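First comes the structure, then the notes that go with it.
The values are calculated or read from the model by the stated rules, or taken from the named source; none is laboratory data. As the structure is a computational prediction, the values presented were derived from the model and not from experiment. Using ideal geometry, Cβ is built from the backbone for each residue, glycine included, and neighbour counts are taken over all protein chains shown. We work out accessible area using only protein heavy atoms, side chains counted, and drop any ligands, DNA or RNA first. Shrake-Rupley method; radii C 1.70, N 1.55, O 1.52, S 1.80 Å.
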Amino acid sequence: MNFYLGIDFGTTGVRSTAIDSNGNIHSESQYNFTHEEPASELPSRWENALWAVIEQIPLAIRSQVRSIAIDGTSSTVMLCDTEGIPVCEPILYNDGRGVTVLDRLRAIAPANHTVLNATSSLAKLLWWLECEDTGRAGTGAPPLRRFFLHQADWLAFLLHGKLGISDYHNALKLGYDVANLCYPSWLTEGIAGVFKSSIAPILPQVVAPGIAIGPVTAQIGDRFGFPHDCIVCGGTTDSIAAFLASGVNSPGEAVTSLGSTLAIKLLSYTRVDDARYGIYSHRFTSPLQGGAGGGLWLVGGASNTGGAVLRHFFTDTELDYYSKQIDPKQESLLDYYPLLKKGDRFPNNDPNLLPRLEPRPADPVEFLHGLLESIARIESRGYELLQELGATPLTKVYTAGGGAKNLVWSAIRKRYLKVPVVTPVRTSAAYGSALLAMTVDS
Ligand code: ADP
């Protein structure tokens with residue numbers, strides 16, 4: 001039997017899922033990051049976590065793994081030497097140090113491009129370049145002429161041994177042109193004009209997610225008992241892997257992730273990109289269509305509102321208990337903008353937007369009703385905005401994340417979204433990556 005292995009590197013831990021060609025799960029394993037590591041030790045932590053989740057998979061399954069795909073946190077980036085050894089600390093997904101290069105980047109990149117964000121992969125690469133240019137002491141700035149990789153690229157390298165390869169989901173925020181499948185000249189030439197050196201030599205080659213990159217190295221095959229022709233595929237980001245897990249494949253269908261934050265992704269015939277609202281589009285790759293996307297786009301954005309605010313006021317047990325006392329048909333007139341600190345990216349892109357959580361009623365049920373209703377309004381405004389900017393009209397919303405189990409909230413959200421709101425059978429990113437790995441045989 002052939003098995004397809006997906007490995008998900010999220011912010012809190014690593015998960016693996018092995019499936020057969022019908023999508024049935026045969027093995028799952030997990031490794032949680034229990035405490036904060038200094039950034040310099042993260043790569044070895046990730047490497048150990050990768051080995052730990054693989055070792056937990058029964059050998060009988062490992063010996064029949066046909067292909068492997070890895071997803072990682074979007075815009076977590078690294079610089080490695082020619083042996084693949086990190087030469088400095090990785091820069092994590094939410095690290096905003098790239099803010100120092102944004103003015104110069106704005107002079108080169110097209111207006112409202114998705115790279116024009118302090119946390120984009122490109123802003124981080126340029127921050128490294130700037131350190132080298134200015135020779136700033138104490139920044140730990142490494143010399144360039146290295147390999148610039150995303151977290152998922154580096155982890156896949158540990159399995160296949162080829163350096164300098166990424167995929168077009170991870171590379172979107174690096175400025176890769178996902179419509180024309182090339183690096184644009186404003187990136188390869190423009191940057192050399194504004195910064196002192198060119199980044200072209202260290203940019204990874206970009207492949208389609210799910211496409212075969214190469215077999216596992218002999219050493220990895222021997223160590224874990226993978227077949228010698230077990231293929232490592234182009235990877236993806238953790239949020240796209242979770243989208244793929246839902247099985248959504250029809251334009252107009254969308255996935256809302258109600259985790260710590262609120263993220264939406266709508267499958268669309270048209271592409272929408274607008275950094276003013278934190279909206280960007282990924283080229284869609286459907287594992288169900290042999291990696292082809294049929295010219296579809298995954299249009300979306302992420303807001304800072306979401307479950308983290310709910311958890312600030314309620315335990316999960318209270319959320320469950322109080323939610324059941326809410327009548328979802330009844331509209332709450334409490335008009336909040338639930339945030340833990342100021343600033344949102346989407347659908348209101350305003351770094352100074354203040355949390356709005358007043359007036360707070362004494363009754364916790366009434367307060368929770370106001371919070372759930374207000375987050376539902378923000379979600380609905382998000383979908384409205386995507387459609388106003390040209391995305392395919394919304395027909396159905398699948399819900400993932402911790403908030404998906406709250407059926408009262410689903411009923412409130414349905415009132416705003418005016419389309420069916422359903423919970424998909426599968427939502428784990430590791431499952432989505434396993435489906436992606438199946439692309440090699442479809
Ligand atoms: P993360 O983004 O951290 O992976 P999860 O998908 O694990 O988040 O979801 C965790 C979130 O789900 C928490 O912030 C919590 O507030 C929220 N949550 C848990 N139970 C409920 C519930 N019954 N109703 C609404 N939200 C819930």
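For the range 422-442, residues that are open to solvent by less than 30 Å² (accessible area, probe 1.4 Å) and either aromatic (F, W, Y) or under 28 Å from V309 (Cβ atoms) (or both) total 5. The number of residues in the range 57-106 that are open to solvent by 40 Å² or more (accessible area, probe 1.4 Å) and either aromatic (F, W, Y) or in contact with a His (Cβ under 6 Å, 6 or more places away or on another chain) (or both) comes to 1.
The set of residues in the range 346-366 being of a type in the set (A, V, I, L, M, F, W, C) and touching a helix residue (DSSP H, G or I) at 6+ places or on another chain (Cβ under 7 Å) consists of F346, V365.
Apart from one condition, P393 fits all of (1) open to solvent by 10 Å² or more (accessible area, probe 1.4 Å); (2) under 17 Å from V248 (Cβ atoms); (3) within 16 Å of the ligand (Cβ to nearest atom); the exception is (3). The C-beta contact set for the range 295-309 (first residue within 12 Å of the ligand (Cβ to nearest atom), second residue open to solvent by 10 Å² or more (accessible area, probe 1.4 Å) and of a type in the set (F, W, Y), distance under 8 angstrom, 6+ apart or interchain) comprises T305/Y337. Summed over the range 183-216, the residues that are open to solvent by 30 Å² or more (accessible area, probe 1.4 Å) and either assigned to a helix (DSSP H, G or I) or in the same structural domain as R283 (by the TED database) (or both) give a count of 8. In the range 2-33, what count of residues is obtained for those that are within 16 Å of the ligand (Cβ to nearest atom), in a strand (DSSP E or B) and without any contact (Cβ under 8 Å) to a residue 60 or more places away in the chain? Going through the range 2-33 one residue at a time, the tally reaches 5. T423 fulfils the conditions (1) without any contact (Cβ under 8 Å) to a residue 40 or more places away in the chain; (2) under 16 Å from A302 (Cβ atoms); (3) within 15 Å of the ligand (Cβ to nearest atom) except for a single criterion, (2). Screening P43 on (1) under 16 Å from A430 (Cβ atoms); (2) crowded, with 17+ Cβ neighbours inside 10 Å shows it passes everything except condition (1). Taking the range 258-282 on its own, how many of its residues are closer than 17 Å to F243 by Cα, touching a residue at least 40 places away in the same chain (Cβ under 8 Å) and either in contact with a Gly (Cβ under 6 Å, 6 or more places away or on another chain) or within 16 Å of the ligand (Cβ to nearest atom) (or both)? Total meeting the criteria: 8.
For the range 404-420, taking the residues that are open to solvent by less than 30 Å² (accessible area, probe 1.4 Å) and modelled with pLDDT of 95 or more, the one that is nearest to the ligand (Cβ to nearest atom) is identified as N406.
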